[in-house]
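The structure under discussion appears below in the form of structure tokens.
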Amino acid sequence: MSGWSLFTKECRRVVTGLPFWLLVAALLAFLSTQFMAGLKPLEEPQPGLASYGASDRVDWEKAVPAALQSLAGEYGENRYKTYPFGFVKTVRLKEEGRERMGELLSELTGRSEEELAAAAQPAGFAVGGGERQPDGSFAVQVPQGEETAPSLTLAPGLAREDFVRLMGEADELLGGGSSYAAEKLAGFGREPLRYEEALEQYRQMVEEDRVTGAYARLFCDYMGIPLAVLPAFVAAALWLKDRRAGAREAVWSRRVSSLALTAARFGAVIAAVMGAVLVLAGWMTAVVLAKNGDLSGSLTAFFSYSLGWLLPGVLVSAGVGAFLTECTDTPIAIFVQGAWWYLSLFAGAGDLVGGYGWSLLIRHNRLGGYAEYRAGLVQIAANRLVYALAGLLLMLLTGLVLEQKRRGRFGGMGKALRVHRRCQRAAV
Amino acid sequence: MEENTVEIRDLSVTYGKKEALSHLDLTVRPGLFGLLGRNGAGKTTLMRTLAGLLTPSGGKAIVCGVPLQMRAQIRQMTGYLPQDFNVYPSMRVEEALDYLGVLSGLPRRVRRERVPALLRRVNLEEQAGARVRALSGGMRRRLGIAQALLHDPRVLIVDEPTAGLDPEERIRFRNLLGEVASDRVVLLSTHIVGDIEAVCENLAVLERGRLLYSGSVEGLAERAQGQVYQVSVSRAQLEALKERFSVTAALQEGSGFVARVLGDRPPLPAATPCMPGLEDGYLALLAEEERGGEGR
Amino acid sequence: MEWGKRYASIAAVNGRRYSLPSLLLALVLLALLPVLFGMAELDAAAAAQPLEMGAVLIGVVLLVPVCAPELDSGVRETADARRTPAVGVCLVRTLLGAAAAAVLLAALVGWMGQNGCQVSALHWFDAFAGALFLGGLGMLALALAKNQVVGYMVPLLYYSVSLVSKKGLLGLPSLLAMSRGEPSGAPVLAAAGVGAVALALLARSRWKAGR
């Protein structure tokens, strides 16, 4: 049987299986509830509006007191909200920790503990109600009708670097993930976006992103979530189909090489999954262009982003599914990939835009964000390349394991043969 | 009605629109009874129905005086070795047998006695501690017969037990079946004629869900009386013969072949008539059926 | 053999062979929770988070594989030909799984209480109901599709979509109700879970020999 025939037969096995269609259903569910639900056309900002959103520029004159106030307030109640994995974790410090936090605050503000207690705000002066805003900032809300206490300022003589350092210590004391970490402090004082900046962002989305590019990144952000785990299920299901001894022997005794067989199967999973993704990408291209009818957009952005951004995740997820199933003949791959996905999802939730890093899930949960994207492009490319290569490596390893099993090692047919021979010798 | 008998009356079993068994009438008495037929004839369907795994769509069957509807009792009285036999692969042989004994409601005392005895009987004593997945095909079949005998059933139903076994294993299996058939009904389903010829006195032939024949092995063989010939031929002649007659065997002899041919007249002037065997009778019956005749 | 002794023996064998590996996996999952979630000094709503977002998944681990050993047609045919009905064996495994879930969740909630969390019996019931629901859903998927991967996929999809949805799915209360400060949907989820398990056992009883 030629390679192409083998590949097409494996494709048929994938698309006639229920796991594949459950994956498609999941993609549709995420698409409709997350991406399409909030889909709006691009609007050119008009001059003279009250707000254009938050910029990335930091007004330290605002950020420093706001950060100090927030820390003092949480210190007063001994309840600190941190987000080590995206979901809010409430930390309460023990006696030793409390004391140290008090010392840090005193050093930061130049006030004594008693003065800090007086300056501490009651509950209700929450930082964004415990939730980060989509653009990464925290809204500092003051309940109406209540007087604010005198705001805390930096101790005289303390430089901004010291402020950042001491806040960093506070963050470490809380176990990390708080808003007081160096990279998060800016969230306390984001300057509002100016009209010219908002206009520039709009121009970038229309001219650099060519409209669809801006939406495509958001599409990939949402689609990346199910696609980082479900291909493992599809691969595991396909590999498990041959588990029965009779079926395996029939396949293993064939002339086809282990690598060719593995590559055909792996390729079938990737082709089927990415086929579904590209169909959705095409559909969303049409929807986005229709919504932005007066603008001229790129027809290929959704496709190229899907291939560059989503395909590596699919490769590595399917690779884990194939490799672990081939090694163990059990569905353990589901749990392993599920655990990896779960941890990546929660770890990455703290950085919904711009925190590209080396995570399995790279997030860009914002329409546009061209500047952040360009700034992080090298990291994104490196990340995706590593995962793509990892996926292909897993495929090769799977082929290697299969070859060893066909030679009677790794508990394949060989073990049964060895037992049989041992018994025969004993009987003589 | 005798105690250990299986009475089948007008039994039909349908899978969706397909009638897998059609108005079957059959009586099976103690001893080894063969069930012969092509693939898809309905043998396995009949086996599964008598083992209490399928519900008939019509007719009835009484197993040792118990109607099929009383499933729990039927399953207690029948021991079943399926064609596709398997047990929990991660269990050890002794453990698997013991567990199946629990599922059959055998008390611990009885299991403690029977499990080792059966493993000895089927020559699996040394594999008692091995995992089921590590057993060879022959060993697995032997485990299969052991589990079927575990609760001392009155009716043993064995579906294609020797498929895939080497000649030595096959003989051993037949001998074992012969031993256990002394005081119970053993229903042996197979498409290997040699198995039935070796151990059964009586048999039935199924074809497309219907009963074509029921009676003695000699009786079926006699259906081909006067229709079996033997002749020495060259390769070219053999090919020509195959086009006009049913060649049931062709053994190489020197540069030519000795062909065994089924036909209503001598295929060649030099052909000599032979005593028909069971296979000849079976093939003659199928040929009659194809020509529109009816089996007895 | 008496009915009671028989089922006790069935429970012992299945507990050792099939429930134990699932139990170990459930323990690993619960051990991961403190890594992701704060589990000390939490108020009632915050304490519900690790339970509703993490601990409920042990239902999938413990209950989905209940009918899996007989997915192999050879094993199924051999086991089903026995006097003990197949559904009886699956019911024993289900009860073992549910009991394990109940005990593990009780231990978890108790430990959280020791660590200063404002937990109550409602937290336990809420988590158990969620686990039973997800596990029952998976059991039903496996029994209908006769496919182990599908059995795991369906509840995990339900769970994932629940994470990002503001309301419950399929007309049922949200799995994350207590985390969001809403009244727990435990009674309805528990009932739905029991219903799913019952349907799964019914579907299992219809598995035909050889198919």
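The values are calculated or read from the model by the stated rules, or taken from the named source; none is laboratory data. Not measured: the values here are computed from a predicted model. Counting neighbours? That spans all protein chains shown, and the Cβs are built from the backbone with ideal geometry, glycine included.
Check B:Arg111 against each of (1) within 10 Å of chain C (Cβ to nearest Cβ); (2) in contact (Cβ under 8 Å) with a residue 60 or more places away in the chain; (3) more than 21 Å from B:Val158 (Cα to Cα) and name the one condition it does not meet. The one condition B:Arg111 does not meet is (2).
Scanning region A:225-254 for residues that are within 11 Å of another protein chain (Cβ to nearest Cβ) and modelled with pLDDT under 70 turns up A:Arg243, A:Arg244, A:Ala245, A:Gly246, A:Glu249. Out of C:Val103, C:Val149, C:Val154, C:Val92, one residue alone is surrounded by fewer than 21 Cβ atoms within 10 Å (Cβ to Cβ) and assigned to a helix (DSSP H, G or I). It is C:Val103. Taken across region B:86-98, residues that are β-branched (Val, Ile, Thr), at the interface with chain C (Cβ under 8 Å from one of its Cβ atoms), touching a Ser or Thr at 6+ places or on another chain (Cβ under 8 Å) and in a helix (DSSP H, G or I) do not occur at all.
What strands (runs of 3 or more DSSP E) completely inside region A:37-105 contain at least 2 residues that are charged (D, E, K, R) and more than 14 Å from every other protein chain (Cβ to nearest Cβ)? Before you say what the answer is, go through the steps one by one.
On the way: elements: A:54-58, A:80-85, A:87-91.
Correct list: A:54-58.
Of the residues that make up region A:187-196, is at least one at pLDDT 85 or above, assigned to a loop (DSSP other than H, G, I, E, B) and more than 25 Å from A:Ile380 (Cβ to Cβ)?
So the first thing to find is which residues in region A:187-196 are at pLDDT 85 or above, and the list is none.
Among the residues of region A:187-196, not one is at pLDDT 85 or above, assigned to a loop (DSSP other than H, G, I, E, B) and more than 25 Å from A:Ile380 (Cβ to Cβ), which makes the answer no.
For region C:69-89, state whether one or more residues are buried (at least 23 other Cβ atoms within 10 Å of the Cβ), at negative phi, modelled with pLDDT under 90 and in a helix (DSSP H, G or I). No, region C:69-89 contains no residue that is buried (at least 23 other Cβ atoms within 10 Å of the Cβ), at negative phi, modelled with pLDDT under 90 and in a helix (DSSP H, G or I).
One line per residue, one yes/no per condition, for (1) touching a Ser or Thr at 6+ places or on another chain (Cβ under 7 Å); (2) in contact (Cβ under 8 Å) with a residue 60 or more places away in the chain; (3) over 22 Å from C:Leu140 (Cβ atoms):
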{"position": "C:Leu25", "(1), (2), (3)": "no, no, no"}
{"position": "C:Leu32", "(1), (2), (3)": "no, no, yes"}
{"position": "C:Val35", "(1), (2), (3)": "no, no, yes"}
{"position": "C:Ser73", "(1), (2), (3)": "no, yes, no"}
{"position": "C:Arg83", "(1), (2), (3)": "yes, no, yes"}
{"position": "C:Gly97", "(1), (2), (3)": "yes, yes, no"}
{"position": "C:Leu105", "(1), (2), (3)": "no, no, no"}
{"position": "C:Leu108", "(1), (2), (3)": "no, yes, yes"}
{"position": "C:Leu122", "(1), (2), (3)": "yes, yes, yes"}
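Considering each residue of region C:105-117 in turn, at least one proves to be touching an Asp or Glu at 6+ places or on another chain (Cβ under 6 Å), away from chain B (no Cβ under 14 Å) and either over 20 Å from B:Leu106 (Cβ atoms) or of a type in the set (A, V, I, L, M, F, W, C) (or both).
When you look at B:Gly105, is it surrounded by fewer than 21 Cβ atoms within 10 Å (Cβ to Cβ), small (Gly, Ala, Ser) and facing another protein chain (nearest Cβ under 9 Å), yes or no? Answer is yes for this residue. A single entry from C:Ser165, C:Ser174 fulfils the requirement of being surrounded by fewer than 20 Cβ atoms within 10 Å (Cβ to Cβ), farther than 13 Å from C:Ala200 by Cβ and not aromatic (Phe, Trp, Tyr): C:Ser165. Only residues that are assigned to a helix (DSSP H, G or I) and either at pLDDT below 90 or touching a Phe, Trp or Tyr at 6+ places or on another chain (Cβ under 9 Å) (or both) were counted across region B:211-226, and they come to 3. Scanning region B:43-75 for residues that are more than 22 Å from B:Leu203 (Cα to Cα), crowded, with 20+ Cβ neighbours inside 10 Å and of a type in the set (D, E, K, R) turns up just one, B:Arg75.
Considering only residues that are more than 9 Å from chain A (Cβ to nearest Cβ) and at pLDDT below 90, which ones fall in region C:23-38?
Within region C:23-38, the subset more than 9 Å from chain A (Cβ to nearest Cβ) is C:23-24, C:26-27, C:30-31, C:33-34.
C:Leu33, C:Pro34, listed by residue number.
Residues of region B:139-164 that are at the interface with chain C (Cβ under 10 Å from one of its Cβ atoms) and among the β-branched types (Val, Ile, Thr): B:Ile157 alone. Checking each residue in region A:206-224 for being surrounded by fewer than 24 Cβ atoms within 10 Å (Cβ to Cβ), aliphatic (A, V, I, L, M) and at pLDDT 80 or above picks out only A:Leu218. Can you spot a residue in region B:262-275 that is of a type in the set (Gly, Ala, Ser), in contact with an Asp or Glu (Cβ under 9 Å, 6 or more places away or on another chain) and surrounded by fewer than 16 Cβ atoms within 10 Å (Cβ to Cβ)? No, because not a single residue in region B:262-275 is of a type in the set (Gly, Ala, Ser), in contact with an Asp or Glu (Cβ under 9 Å, 6 or more places away or on another chain) and surrounded by fewer than 16 Cβ atoms within 10 Å (Cβ to Cβ). Determine if region C:175-188 includes at least one residue that is over 30 Å from B:Gln83 (Cα atoms), assigned to a helix (DSSP H, G or I) and within 11 Å of chain A (Cβ to nearest Cβ). Checked against the condition, which is being over 30 Å from B:Gln83 (Cα atoms), assigned to a helix (DSSP H, G or I) and within 11 Å of chain A (Cβ to nearest Cβ), region C:175-188 yields at least one hit. Just one residue in the set B:Tyr80, B:Tyr88 is over 19 Å from the mean Cα position of the chain (by Cα) and not hydrophobic (A, V, I, L, M, F, W, C); that residue is B:Tyr88.
The single condition from (1) at pLDDT 90 or above; (2) more than 25 Å from C:Leu175 (Cα to Cα) that C:Leu95 fails is (2).
Note on region B:121-138: residues that are over 17 Å from B:Leu177 (Cβ atoms) and either within 11 Å of chain A (Cβ to nearest Cβ) or in a helix (DSSP H, G or I) (or both) total 11. Output the residue which, of all residues in region B:83-102 that are farther than 21 Å from C:Arg6 by Cα and of a type outside the set (A, V, I, L, M, F, W, C), is surrounded by the most Cβ atoms within 10 Å (Cβ to Cβ). Of everything passing the filter in region B:83-102, B:Asn86 is surrounded by the most Cβ atoms within 10 Å (Cβ to Cβ).
If you go through region B:242-255 and keep only what is surrounded by 13 or more Cβ atoms within 10 Å (Cβ to Cβ) and in contact with a strand residue (DSSP E or B) (Cβ under 6 Å, 6 or more places away or on another chain), you end up with B:Phe245, B:Ser246, B:Val247, B:Thr248, B:Ala249, B:Ala250. Within region B:166-197, if we keep just the residues that are of a type in the set (Gly, Ala, Ser) and surrounded by fewer than 18 Cβ atoms within 10 Å (Cβ to Cβ), the residue that is nearest to B:Glu7 (Cα to Cα) turns out to be B:Ser182. Those strands (runs of 3 or more DSSP E) of region B:227-296 in which 3 or more residues are in contact (Cβ under 8 Å) with a residue 40 or more places away in the chain and either hydroxyl-bearing (Ser, Thr, Tyr) or closer than 30 Å to B:Asn202 by Cβ (or both) occupy B:228-233.
Look at (1) on the phi < 0 side of the Ramachandran plot; (2) within 10 Å of chain C (Cβ to nearest Cβ); (3) modelled with pLDDT under 90 and you find that B:Gly52 fails only one, number (1).
Only a single criterion out of (1) of a type in the set (Val, Ile, Thr); (2) at pLDDT 80 or above; (3) in contact with an Asp or Glu (Cβ under 8 Å, 6 or more places away or on another chain) is not satisfied by A:Thr90, namely (2). Scanning region B:55-85 for residues that are of a type outside the set (A, V, I, L, M), at the interface with chain C (Cβ under 7 Å from one of its Cβ atoms) and not in a loop (DSSP other than H, G, I, E, B) yields a count of 3.
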